[in-house]
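For reference, the structure is listed below as structure tokens.
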Amino acid sequence: QVQLVESGGGSVQVGGSLRLSCTASRMVLSVNGVMWYRQTPGKEREWVAVVARGGARNDADFVKGRFTVFRDNEKNTVYLEMNNLEPEDTCIYYCKTPNRNRSYWGQGTHVTISS
């Protein structure tokens with residue numbers, strides 16, 4: 001019922017920045033919390049950040065001071081602004097939102113940090 005799409009990934013050098021976007025097929029992001037996760041092959045998927053319906057934010061310790069999650073309800077979009085990127089940030093980034101007691105995930109966008 002809900003399809004999420006991430007975009008904005010790419011390849012940047014250490015210390016660079018990227019802005020990831022998450023948009024939905026329906027107008028659901030404006031009325032639900034949205035989380036960002038990331039996963040590196042062979043590792044568990046990690047929670048990165050969350051923005052609540054009203055805009056309240058929180059993020060994981062390993063990205064504090066570098067990443068910011070925010071929403072634009074008019075565009076039905078949630079963003080993840082990533083700054084001062086490190087090689088350890090290389091992975092696939094996913095967005096997720098709950099709706100009607102289910103969780104919906106996007107297909108992910110790739111982020112590669114090179115030295």
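The values are calculated or read from the model by the stated rules, or taken from the named source; none is laboratory data. No experiment lies behind these values; they were computed from the predicted model shown. All Cβ positions, even for glycine, are placed from backbone atoms using ideal geometry, and neighbour counts span all protein chains on display. The area values use the complete protein model at the heavy-atom level, side chains included, leaving out ligands, DNA and RNA. Shrake-Rupley method; radii C 1.70, N 1.55, O 1.52, S 1.80 Å.
Quick notes on this structure:
- Number of positions in the stretch 64-76 that are among the β-branched types (Val, Ile, Thr) and either surrounded by fewer than 19 Cβ atoms within 10 Å (Cβ to Cβ) or more than 11 Å from the chain's Cα centre (by Cα) (or both): 1
- Where a residue in the stretch 64-79 is without any contact (Cβ under 8 Å) to a residue 24 or more places away in the chain and more than 16 Å from residue 31 (Cβ to Cβ) and its partner, wherever it lies, is outside any strand (DSSP E or B) and open to solvent by 40 Å² or more (accessible area, probe 1.4 Å), with Cβ under 7 Å and at least six apart: 66/83; 66/84
- Residue in the stretch 80-90 that is modelled with pLDDT under 95, over 15 Å from residue 109 (Cα atoms) and loosely packed, with under 13 Cβ neighbours inside 10 Å present: no
- Positions within the stretch 91-115 being farther than 13 Å from residue 48 by Cα, hydrophobic (A, V, I, L, M, F, W, C) and open to solvent by 30 Å² or more (accessible area, probe 1.4 Å), in sequence order: 105
- Residue satisfying all of: in the stretch 1-44; under 10 Å from the mean Cα position of the chain (by Cα) and aliphatic (A, V, I, L, M); surrounded by the most Cβ atoms within 10 Å (Cβ to Cβ) among these: 34
- Filter result for the condition that a residue is in contact (Cβ under 8 Å) with a residue 12 or more places away in the chain and not in a strand (DSSP E or B), over 27, 35: 27
- Among the residues of the stretch 80-103, those identified as over 13 Å from residue 17 (Cα atoms) and under 14 Å from the mean Cα position of the chain (by Cα) are 91, 92, 93, 94, 95, 96, 97.
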